Amino acid sequence: MAKFGTVWRKDYTTCGCAALPCFDMYIKTIDGWLCVDQHGSQGIVTDKPWKRADGFVRFPPKVSEE
């Protein structure tokens, strides 16, 4: 099980629709996986595309030292 704060991100560097690269990002929250997509709908998702698609990078949650 992923810890809260785990992020899966995929950058699309050759998209060309914006000055910066486009991306898909999924963040583990208490409610489930939050989809963050600057061109699509936002919200909690049940599918996990990083399990079947190439190019996603996992960023583990950061632990605060404070």
Just wondering, is there one or more residues in the range 53-63 that are at pLDDT 80 or above, hydrophobic (A, V, I, L, M, F, W, C) and surrounded by 12 or more Cβ atoms within 10 Å (Cβ to Cβ)?
yes
Consider W8 against the criteria (1) surrounded by 12 or more Cβ atoms within 10 Å (Cβ to Cβ); (2) at pLDDT below 90: it satisfies all of them except one. Which criterion is unmet?
(2)
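Could you please give the count of residues in the range 1-27 that are part of a strand (DSSP E or B) and either touching a Leu at 6+ places or on another chain (Cβ under 8 Å) or among the aromatic types (F, W, Y) (or both)? Please lay out each step first, then the result.
From the range 1-27, those part of a strand (DSSP E or B) are 7-12, 22-27; that's our starting set.
Keeping just the survivors that are either touching a Leu at 6+ places or on another chain (Cβ under 8 Å) or among the aromatic types (F, W, Y) (or both) gives 8, 12, 23, 26-27.
Residues meeting the conditions: 5.
The values are calculated or read from the model by the stated rules, or taken from the named source; none is laboratory data. Being a predicted model, the structure only gives us computed values, none of them experimental. Here Cβ is always computed from backbone atoms with ideal geometry, including for glycine, and neighbour counts include all displayed protein chains.
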